[in-house]
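*Asks:* Following this message is one structure expressed as structure tokens.
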Amino acid sequence: MIKDIKGYKIYNSRGESTILVKTVTDSGVFEGSAPSGKSRSNYEAYVLDINKSLKILEKIKHNFIGLTEEDFEIMDEMVTDMAGKNFQRIGAHLGVALTSSLFKASTFGDPYKYFDEIRFPYPIVNVMGGGSHGGGTDIQEFHLIPTGASSFREAIETCLEGMKRIKTILLSKHKFSGKNDENALISDLDEEKTLNIISEIAEDLDAKVGVDMAASGLYQKNKGRYIYEKLGREVLPEQQMEAVKELIDTWSVYYVEDPFHEDDFKSFAELLNWKAKRKLLVCGDDLYSTNMDRLKRGLRLDSCNSIIIKPNQAGTIGLAMKVAEKARKRDYKIIVSHRSGESNDPIIADLALGLGHFIKTGVWGGERLAKMNRLLELWDTIEYPRMANLRI
């Protein structure tokens, strides 16, 4: 039974304020906290001032005290009902932090009760960065994906080795500029030189290359063009399509996220149709924003074959799970993802274990490793652990 719920103002990895919620039950105290994104779509759940959200928690927590914590789905629906349209009444930070703590309380002693199958996700690791996260490229993220790994531990070790090699190369070229918001390496190298380094290392480590183009951040609606400021280039939508195809073919890219702006479902679908003879994941992040209505639209148009799941885009853990489950039924690959401003809450690791094929986070920085270390612990705990099926 839930005895009390307490809220606290804490800070994320970027030093921004966020929320920690503690749910107190007969079995213990269960914590949940919320991350925050810097590159946000227009369709994410509303972000409310933290101090206002904490005051709201004090007003609504009596609705949960006395309930049986096993009824997570009911409690998640209660939070959703209280949130109002697009979470404008309580804010996404409170919604995620509260339902994360409730989820952990509900699954105490039976951590996989809401999952049909347990498979370990492959990491998608942001090894070099640019765009709004900081770095020398207009493309926001460059990924290393250890698809050749036979265990989760081997997958992590592959990514760690890749990061070390990239840093060594950058230092040797006097091009190492530090790390960005997500603890990815940054330099002043352009896209071509960055991809040359990563693709060579990926091939040597039996891994794949991925990119997050975060194209909504490049697109200027009033001009109808993608603006590559660092390259000094303006690109029409049809030119963007050809540039994306060329990038995929030149560097054998396995995973491409948000190659077009968040309302261009048709271009996503065209790219997915083009990829028919290629093992390629066309992934929607801003396109879907972990939003059921937008996913349904994408399914009708056959826009993607993979989706980013970010609980704070949806507003609660339960809403994010429902979007993931809907996508899985249509054979989408599920990528459960961190945000650039992260907390130490490892909840996305548990969601990726039960829902995902991939987990997108880093291997440097305590807030990123909290997720990876949670999965390493589970790999060594679960009898007969298996990696996810990546067949496209």
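The values are calculated or read from the model by the stated rules, or taken from the named source; none is laboratory data. Please read these numbers as outputs of a predicted model, since none were measured by experiment. Note that we place each Cβ from the backbone using ideal geometry, even for glycine, and neighbour counts take in every protein chain shown. For accessibility, only protein heavy atoms count, side chains too; no ligands or nucleic acids. Shrake-Rupley method; radii C 1.70, N 1.55, O 1.52, S 1.80 Å.
*Asks:* How many residues does segment 215-263 contain that are at negative phi and open to solvent by 60 Å² or more (accessible area, probe 1.4 Å)? Talk me through it step by step, then tell me what you get.
*Replies:* Quick first cut of segment 215-263, residues at negative phi only: 215-223, 225-231, 233-251, 253-257, 259-263.
Add one more test, that the residue is open to solvent by 60 Å² or more (accessible area, probe 1.4 Å), and what stays is 217, 220-223, 225, 229-231, 233-234, 238-239, 242, 246, 249-250, 263.
Selection size over segment 215-263: 18.
*Asks:* Something else about it: Considering only residues that are part of a loop (DSSP other than H, G, I, E, B) and either farther than 18 Å from GLU58 by Cβ or among the hydrophobic types (A, V, I, L, M, F, W, C) (or both), which ones fall in segment 75-91? First the steps, then the outcome.
*Replies:* Of all residues in segment 75-91, those part of a loop (DSSP other than H, G, I, E, B) come to 84, 88-91.
If the condition is that a residue be part of a loop (DSSP other than H, G, I, E, B) and either farther than 18 Å from GLU58 by Cβ or among the hydrophobic types (A, V, I, L, M, F, W, C) (or both), then GLN88, ILE90 are the ones that fit.
*Asks:* For segment 140-165, how many residues are in contact with a Phe, Trp or Tyr (Cβ under 9 Å, 6 or more places away or on another chain) and farther than 11 Å from ALA207 by Cβ?
*Replies:* Applying the first criterion (in contact with a Phe, Trp or Tyr (Cβ under 9 Å, 6 or more places away or on another chain)) to segment 140-165 yields 143, 145-147, 149, 151-153, 155, 160, 163.
With the extra rule that they be farther than 11 Å from ALA207 by Cβ, the set shrinks to 151-153, 160, 163.
Selection size over segment 140-165: 5.
*Asks:* Only one of (1) at pLDDT below 95; (2) under 30 Å from ALA215 (Cβ atoms) is not met by ALA83, so which one is it?
*Replies:* Of (1) at pLDDT below 95; (2) under 30 Å from ALA215 (Cβ atoms), only one is false for ALA83: (1).
*Asks:* Spot the failing condition for ASP81; the list is (1) under 25 Å from GLY284 (Cβ atoms); (2) surrounded by fewer than 21 Cβ atoms within 10 Å (Cβ to Cβ), and only one is missed.
*Replies:* Condition (1) is where ASP81 drops out.
*Asks:* Can you pull out the residues in segment 1-31 that are among the acidic types (Asp, Glu), over 12 Å from GLU69 (Cα atoms) and touching a Lys or Arg at 6+ places or on another chain (Cβ under 8 Å)?
*Replies:* Start the filter on segment 1-31 by keeping residues that are among the acidic types (Asp, Glu), which leaves 4, 16, 26, 31.
Still in the running and over 12 Å from GLU69 (Cα atoms): 16, 31.
Within segment 1-31, just GLU31 meets the criteria.
*Asks:* While we're looking at this one, here's another question. What pairs can you find where one residue is in segment 374-392 and closer than 26 Å to ASN305 by Cβ, the other is open to solvent by 100 Å² or more (accessible area, probe 1.4 Å), and their Cβ atoms are less than 8 Å apart, with a gap of 6+ or different chains?
*Replies:* Qualifying pairs under 8 Å: ILE392/LYS279.
*Asks:* Within the set of pairs 6 or more residues apart or between chains, which connect a residue that is touching a residue at least 12 places away in the same chain (Cβ under 8 Å) and buried (at least 17 other Cβ atoms within 10 Å of the Cβ) inside segment 169-185 to a residue that is part of a helix (DSSP H, G or I) and basic (Lys, Arg) with Cβ atoms less than 8 Å apart?
*Replies:* Correct list of pairs: GLU182/ARG368; ASN183/ARG368; LEU185/LYS167.
*Asks:* Has segment 101-110 got at least one residue that is under 24 Å from the mean Cα position of the chain (by Cα), of a type in the set (S, T, N, Q), surrounded by 14 or more Cβ atoms within 10 Å (Cβ to Cβ) and not in a helix (DSSP H, G or I)? Write out each step before concluding.
*Replies:* Narrowing segment 101-110 to residues under 24 Å from the mean Cα position of the chain (by Cα): 101-107.
Among the residues that remain, those that are also of a type in the set (S, T, N, Q) are: 101, 106-107.
Checking the rest, the ones that are also surrounded by 14 or more Cβ atoms within 10 Å (Cβ to Cβ) come to 101, 106-107.
Now narrow it down to the ones that are not in a helix (DSSP H, G or I): 107.
For segment 101-110, residues under 24 Å from the mean Cα position of the chain (by Cα), of a type in the set (S, T, N, Q), surrounded by 14 or more Cβ atoms within 10 Å (Cβ to Cβ) and not in a helix (DSSP H, G or I): present.
*Asks:* Still on this structure: Being assigned to a helix (DSSP H, G or I) and either of a type in the set (A, V, I, L, M, F, W, C) or touching a helix residue (DSSP H, G or I) at 6+ places or on another chain (Cβ under 9 Å) (or both) is the filter here; which residues of segment 53-69 pass it?
*Replies:* Matches in segment 53-69: SER53, LEU54, ILE56, LEU57, ILE60, LYS61, ASN63.
*Asks:* Something else now. Looking only at strands (runs of 3 or more DSSP E) that fall completely inside segment 271-338, which ones have 1 or more residues that are open to solvent by less than 10 Å² (accessible area, probe 1.4 Å) and within 20 Å of ASP116 (Cβ to Cβ)?
*Replies:* Details: elements: 281-284, 306-309, 333-337.
In segment 271-338, the matching strands (runs of 3 or more DSSP E) lie at 306-309, 333-337.
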